Amino acid sequence: MIKKFSILLLTLFVIGLVPSCSDYLDSDRYFRDRTTIETVFTDRERTEQWLAYAYSFLNGATADIIAKAGDGSPHVYDDAMYFGDRDVKYDPKDAWDLSYNKFRLGEYSENEYNEVWPRCYKGIYQASVFIHNIDMNPTMSEQERMDYKGQARFVRAYFYWLLLRKYGPVPIMPDEGIDYTQSYDDIATPRSSYEEVAEHISNEMVQAAKEIQYLTRNDNENIARPTKGAALATRAYALIFAASPLANGNDDEFAKAMVDDQGRRLLSQEYSEEKWAKAAAAARDVIELGVYDLYTAPFSTTNNGLHDLPTIIPPADPTFSNQDWPNGWRNIDPFKSYRDLFNGTVDPVGNPELIFSRVHNTSQVASMVNHQMPRDFGGWNTHGLTQKMVDAYYMNDGTDAPGKDKEIGRGNGSNRMAGFTTQEDVDAGRYAPLRANVSLQYANREPRFYASVAFNGAVWHYLNRPEAKEHHRQTFYYRGGGNGFMNSPFHLRTGIGVMKFVHPEDVPNNIRAKSEPAIRYADILLLYAEALNELDGTYSIASWDGSKTYTISRDIEQMKRGVHPVRIRAGLPDYTSSTYGSKDESRKALKRERMIELLGEGKRYFDLRRWKDAAVEEALQIYGCNVIMNADHKEEFHQPIAIFNLASTFSPKLYFWPIRHDELKHNKRLTQAPGWTSYD
């Protein structure tokens, strides 16, 4: 056992995947004292500390929600959501920071904002040692040892998942170690193929699901630990990424250049439909566990103030209006169901939708909210949405907003709504929840719009402010107002802010704790529908534990199993039969659904890449409100214009993040991602 540990540690060190042994427990001490491993893994507290250290690498740069780029990449931001601070154009001291434009343009070096690689491999090392030694612990029951081993295996495979989606094909480290008497060059490890990494994650997550003893962990002490469902959901992610166009049947110039040191192609040039079927079956495994559901808030008739209005009933729908959840929306509040899921109202313990979360990653989410909030009481007023994101939201009857995507050449010939709400409208209950003087472009939109978008004239509630007169402040972004255009980074470039994650009680620097939604059930449901939609054939695929066999095909009823809960919770009608009848139209609808449902959760950045849509979507000119206009020119403010100070471009090198030069020096067989430089 000690020899296995020594080999593993030295293997990782010499190929550069452990940058510094000082980052760990003193490894030299382990070589000097060969009884140390027994000392750790025969003691319960030390064993648990070792596993906790492996978990610790899931935070910081490896989190799913990163408010800004420190050592990680801010992949929460994309063509839908941006951040406006850290811009050298407004403040020279920000020259060394990663601005939104620098991020979008790829104007950073291989060695900047790039701590995910070393953090993940440190975590892989830590978890591997644990897996190989936990069985010697005499203070734990067999069930406890098995569960701990499953947790460590999950953590190790999750690190590979984080590496795969960011760096693409990466080295898979040998589990048993290798002959450390070989030369450094001989033990260097090349990248595995994308498919090999995805299969490795899949196999490891199945084993983790077998070892983990819990379907749910509904107590504060253990809520952050993985469950069987977390392992199976991560497996579904990895397999659907491997099935997607970037890694499945890709023969473009980027794919041809993505090779290992022997010239082996690492992105499959041969298309396999079966990969979609396996991904669908993996998502089905999560569904069939029967322990997850979407969170819903109950229907309400009480009026407790602007932050807690009676339920706004969606327009009548023959299928969903007259049925209770989960078959309809009659007994739920769609707006609060979505809003409260993210703003800290719903505790992670008992949340039926949360599959995996770094529940202690509250500082990143709080920082994001601080940057979303207006200048009132100290908010940063720098995080905003693009017009394309606003246009993606449906009207409350499921139709497109008039004028949708007109400026980017995707319109249907309609024009945007003119005019504004009046106090008479408000008093009569028209256009709820809008207040007076709000553009009718924002009227009668779907509930997720009002839970997510801080449009011009939206209300920020600030209930934790001490005086009632400070509550429920309607905020406008016209030039000349405190939150409008100014010669500083503290204004919204598009005049459209972000309301998602904001609780009515939140005030700047006093933000309610919110759990990071790393994996939630709505995402898995949409992945299931997406994978099924890509199929032409029928496949028989065993479940993760071999207890049943699924018949996987483009079954519309099964697709609806993924779509219906998301649409019903959003208060929207089902897709039309013509949409379901067309693979292309279903694909468009599902991509749009993910764009809306998963806003600000760090998913779209990677979705655009796996779909190979980034070359189009991220290169489209960004549009927004004309923020130069003041309140005397309200109509002009709301006529979208090109926002030239937000970058809109894409280069193929941005499909994957580069590898740092020190890692390339440590491992002679590592190859740099196409478009980035290797060290000299």
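Taking the criterion of being within 20 Å of the chain's Cα centre (by Cα) and either aliphatic (A, V, I, L, M) or under 16 Å from residue 487 (Cβ atoms) (or both), the residues of region 85-117 that qualify are 98, 116. Could you figure out which of (1) surrounded by fewer than 21 Cβ atoms within 10 Å (Cβ to Cβ); (2) farther than 30 Å from residue 255 by Cβ; (3) not hydroxyl-bearing (Ser, Thr, Tyr) isn't true of residue 640? So residue 640 meets the others, but not (1).
Right, residue 608: touching an Asp or Glu at 6+ places or on another chain (Cβ under 7 Å) and under 30 Å from residue 353 (Cβ atoms) or not?
Values: touching an Asp or Glu at 6+ places or on another chain (Cβ under 7 Å): yes; under 30 Å from residue 353 (Cβ atoms): yes.
Taking the combined requirement at face value, the residue satisfies it.
Each residue in region 91-119 was checked for being farther than 20 Å from residue 383 by Cα, buried (at least 16 other Cβ atoms within 10 Å of the Cβ) and either free of Cβ contacts under 8 Å to residues at least 12 places away in the same chain or in contact with a strand residue (DSSP E or B) (Cβ under 7 Å, 6 or more places away or on another chain) (or both), and 1 of them qualify. Checking each residue in region 231-273 for being under 28 Å from residue 214 (Cβ atoms) and basic (Lys, Arg) picks out only 235. Scanning region 424-441 for residues that are exposed (fewer than 13 other Cβ atoms within 10 Å of the Cβ) and charged (D, E, K, R), we see that the one that is nearest to residue 308 (Cα to Cα) is 427.
Can you tell me which residue among 430, 520, 465 is of a type in the set (Lys, Arg), at pLDDT 95 or above and in contact with a Leu (Cβ under 7 Å, 6 or more places away or on another chain)?
Details: 430 fails: in contact with a Leu (Cβ under 7 Å, 6 or more places away or on another chain); 465 fails: in contact with a Leu (Cβ under 7 Å, 6 or more places away or on another chain).
Unique residue meeting the criteria: 520.
Picking from residues in region 388-404 that are within 28 Å of residue 65 (Cα to Cα) and open to solvent by 10 Å² or more (accessible area, probe 1.4 Å), the one that is nearest to the chain's Cα centre (by Cα) is 388. Residue count for region 186-219, restricted to those that are part of a loop (DSSP other than H, G, I, E, B) and either of a type in the set (Gly, Ala, Ser) or touching a strand residue (DSSP E or B) at 6+ places or on another chain (Cβ under 7 Å) (or both): 3. Restricting 613, 632 to those that are of a type in the set (Asp, Glu), without any contact (Cβ under 8 Å) to a residue 60 or more places away in the chain and closer than 21 Å to residue 76 by Cβ reduces the list to 613. Considering only residues of region 454-469 that are surrounded by 22 or more Cβ atoms within 10 Å (Cβ to Cβ) and in contact with a Phe, Trp or Tyr (Cβ under 7 Å, 6 or more places away or on another chain), which is farthest from residue 425 (Cα to Cα)? It comes out as 462. When 122, 166, 149 are checked against the criterion of being among the basic types (Lys, Arg) and in contact with a His (Cβ under 9 Å, 6 or more places away or on another chain), a single residue qualifies: 166. Restricting 421, 382 to residues that are in contact with a strand residue (DSSP E or B) (Cβ under 9 Å, 6 or more places away or on another chain), under 29 Å from residue 321 (Cα atoms) and open to solvent by less than 20 Å² (accessible area, probe 1.4 Å) narrows the list to 421. Within region 654-673, identify whether any single residue is aromatic (Phe, Trp, Tyr), within 16 Å of residue 385 (Cβ to Cβ) and crowded, with 16+ Cβ neighbours inside 10 Å, and answer yes or no. Looking through region 654-673, none of the residues is aromatic (Phe, Trp, Tyr), within 16 Å of residue 385 (Cβ to Cβ) and crowded, with 16+ Cβ neighbours inside 10 Å.
Please state which one of 123, 84 is under 20 Å from residue 381 (Cα atoms) and surrounded by 23 or more Cβ atoms within 10 Å (Cβ to Cβ).
One residue alone meets the criteria, 84.
Here is a check on your reading of the model: is residue 318 under 28 Å from the mean Cα position of the chain (by Cα) and either under 30 Å from residue 150 (Cα atoms) or open to solvent by 40 Å² or more (accessible area, probe 1.4 Å) (or both)? So residue 318 does not fit the description; no. Meeting the requirement of 3 or more residues that are farther than 24 Å from residue 466 by Cα and modelled with pLDDT of 95 or more, the helices (runs of 4 or more DSSP H) wholly within region 328-413 are 334-342, 387-392.
The values are calculated or read from the model by the stated rules, or taken from the named source; none is laboratory data. Because the structure is a prediction, the values reported are computed rather than measured. With ideal geometry, Cβ positions are generated from the backbone for all residues, glycine too; neighbour counts draw on all protein chains shown. Just so you know, the surface numbers come from the protein's heavy atoms only, side chains and all, with ligands and any DNA or RNA stripped out. Shrake-Rupley method; radii C 1.70, N 1.55, O 1.52, S 1.80 Å.
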